[in-house]
Amino acid sequence: MSTYSILVFVHVLGGVGVYVALGIEAVALGGLRRAETPGDAGVWLRLHAVPRRLGPAAMITALASGAWMMATAWGRQPWILGAFLGMVGMAIAGGGVTGRAMRRLRAALAGESGTALSSAFRDARGSAALTASLRVRIAIGLGILALMTVKPEAAGSGVILAAAVVAGLAAGIPRDARRTRLAGTGAGA
Ligand code: HEM
């Protein structure tokens, strides 16, 4: 058992942590959107606190161990640069979009006094930005996994990362807007 094989283990563990965090976030967001009472919403918002800690910790673990493997064995590689750029994109969407929206939701929930959730809270929890941010990060995460296992050259790395971002953004477009758009192009007929 070499130091390097332990590094690969720690790295893949970090990677698995990123996907587990995305999975918990998806469950918490789904539950939050079905909640009827402030109490229920509170339960799902507390669950959502888990990926808020696990996600960054897992990303830092994958990044640090990955950088170490790059420094000791691989040197600069397009698929590593692609993964790094992908992780920056995930951090911006996760911290900038989701983090901010969830902070607002927690503050709004503190103001909920009725037995049922207000329409203002229901509107805020349904924000398309929350869905788009989650789906873009899932798509980029899958793109990074492809980069890590296929290890393509520069052109291939660029195509994989771009395709992941486009797929994530497309999946993030609200269904109604997507249906209207498709109908507009006659593709939905
Ligand atoms: C979410 C982010 C990431 C995930 C999920 C991930 C996942 C993986 C996986 C599953 C492997 C094993 C592939 C194989 O054995 O064929 C791997 C290998 C590797 N990763 Fe990542 N990775 C991520 C980010 C990064 C970053 C940011 C770097 C560099 C800064 C990096 C550097 C490496 C290197 C050098 C290897 C090759 C290890 C070997 O020698 O087999 N990874 N990664």
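The values are calculated or read from the model by the stated rules, or taken from the named source; none is laboratory data. Because the structure is a prediction, the values reported are computed rather than measured. As a convention, Cβ positions derive from the backbone with ideal geometry for all residues, glycine included, and neighbour counts pool all protein chains shown. When the accessible area is computed, the model is the full protein with side chains, heavy atoms only, and any ligands, DNA or RNA have been set aside. Shrake-Rupley method; radii C 1.70, N 1.55, O 1.52, S 1.80 Å.
List of remarks:
- Restricting segment 132-167 to residues that are more than 10 Å from the ligand (Cβ to nearest atom) and part of a loop (DSSP other than H, G, I, E, B) leaves a set whose member that is most open to solvent (accessible area, probe 1.4 Å) is GLU153.
- Subset of segment 13-29 [under 10 Å from the mean Cα position of the chain (by Cα) and within 13 Å of the ligand (Cβ to nearest atom)]: VAL18, TYR19, ALA21, LEU22
- On the stretch given as segment 63-80, residues that are surrounded by fewer than 16 Cβ atoms within 10 Å (Cβ to Cβ) and more than 8 Å from the ligand (Cβ to nearest atom) total 6.
- Put simply, of ALA177, ALA189 the only residue that is part of a loop (DSSP other than H, G, I, E, B) and either open to solvent by 70 Å² or more (accessible area, probe 1.4 Å) or at pLDDT below 95 (or both) is ALA189.
- First in segment 65-85 and free of Cβ contacts under 8 Å to residues at least 60 places away in the same chain, second anywhere and surrounded by fewer than 12 Cβ atoms within 10 Å (Cβ to Cβ), Cβ under 6 Å, 6 or more apart: none
- For segment 1-33, the set of residues classified as in contact (Cβ under 8 Å) with a residue 40 or more places away in the chain and open to solvent by less than 40 Å² (accessible area, probe 1.4 Å) consists of LEU7, HIS11, GLY14, GLY15, GLY17, VAL18, LEU22, GLU25, LEU29, LEU32, listed by residue number.
- Taken over segment 34-62, residues that are more than 13 Å from MET87 (Cα to Cα) and either over 19 Å from the mean Cα position of the chain (by Cα) or open to solvent by 70 Å² or more (accessible area, probe 1.4 Å) (or both) amount to 14.
- Qualifying residue in segment 95-109 (condition: within 8 Å of the ligand (Cβ to nearest atom) and buried (at least 17 other Cβ atoms within 10 Å of the Cβ)): no
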